[in-house]
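Here's the structure we're looking at; comments come further down.
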Amino acid sequence: MLEIGIKAPDFELEDQNGKLHKLSDYKGSKVILYFYPKDNTSGCTKQACGFSERLPQIRSKDAVVLGISKDSVASHKKFETNYGLAFTLLSDPDKKVIQAYDVWKEKKNYGKVSMGVVRTTYLINEEGIIVMANDKVKAAEDPENMLQKL
């Protein structure tokens, strides 16, 4: 996990519609940048739907939500369509951004050890500085917690 107080690494990734986004495009806004393991899975769906439901309140605080996983653009589009998600999902199949933000880690699941994305949420201020970092995210609670932090 990256440290609070450092400049968030810039990146350029495609969203669920194939449009390129850079973190630097959002200078002047707060950014909730969250990394999640996989589209259309239980926890990831709860988290994404929670952010989508709270999007009007998040936007009213001059903030945007960007979700990143290693899933494809097509997978993100299906995820967006299945659940009516109203924010940007970014595709990082090469794991460049996932690794730059230090969220690709060894995980244990039912005794099996494998590498994967550790659910992590960063809050980045208007100047691009990380002001909050959490790698102990509870998927269902994260959207409300982040709204309160804004």
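Quick note: the coordinates plus some simple rules give every number you see, no bench work behind them. Note that this is a predicted model, so its numbers are computed, not measured. Ideal geometry is used to build each Cβ from the backbone, glycine not excepted, and the neighbour counts take in all protein chains shown.
Comparison of 78, 112, 107, 95 shows that the only residue that is more than 14 Å from residue 48 (Cα to Cα), over 16 Å from the mean Cα position of the chain (by Cα) and surrounded by 13 or more Cβ atoms within 10 Å (Cβ to Cβ) is 107.
Looking only at region 1-40, residues that are among the small types (Gly, Ala, Ser) and more than 30 Å from residue 114 (Cα to Cα) come to 4 in all.
Looking at region 84-123 only, could you name the residues that are under 24 Å from residue 63 (Cβ atoms), free of Cβ contacts under 8 Å to residues at least 60 places away in the same chain and either of a type outside the set (A, V, I, L, M) or outside any loop (DSSP other than H, G, I, E, B) (or both)? Answer for region 84-123, where residues must be under 24 Å from residue 63 (Cβ atoms), free of Cβ contacts under 8 Å to residues at least 60 places away in the same chain and either of a type outside the set (A, V, I, L, M) or outside any loop (DSSP other than H, G, I, E, B) (or both): 84, 87.
From the set of residues in region 1-49 that are among the aliphatic types (A, V, I, L, M), in contact (Cβ under 8 Å) with a residue 12 or more places away in the chain and in a strand (DSSP E or B), which is nearest to residue 72 (Cα to Cα)? If we take residues in region 1-49 being among the aliphatic types (A, V, I, L, M), in contact (Cβ under 8 Å) with a residue 12 or more places away in the chain and in a strand (DSSP E or B), then 13 is nearest to residue 72 (Cα to Cα). The single residue among 20, 33 that is loosely packed, with under 14 Cβ neighbours inside 10 Å, among the aliphatic types (A, V, I, L, M) and either under 14 Å from the mean Cα position of the chain (by Cα) or farther than 27 Å from residue 141 by Cα (or both) turns out to be 20.
Restricting attention to region 62-97, the residues that are in contact with a strand residue (DSSP E or B) (Cβ under 9 Å, 6 or more places away or on another chain) and under 16 Å from residue 142 (Cβ atoms) add up to 10.
Out of all the residues in region 121-135, is one or more within 15 Å of residue 37 (Cβ to Cβ) and in contact with a helix residue (DSSP H, G or I) (Cβ under 9 Å, 6 or more places away or on another chain)?
Yes; the residues of region 121-135 include at least one that is within 15 Å of residue 37 (Cβ to Cβ) and in contact with a helix residue (DSSP H, G or I) (Cβ under 9 Å, 6 or more places away or on another chain).
Scanning region 133-142 for residues that are closer than 18 Å to residue 117 by Cα and either buried (at least 17 other Cβ atoms within 10 Å of the Cβ) or among the charged types (D, E, K, R) (or both) returns 133, 134, 135, 136, 137, 138, 139, 142.
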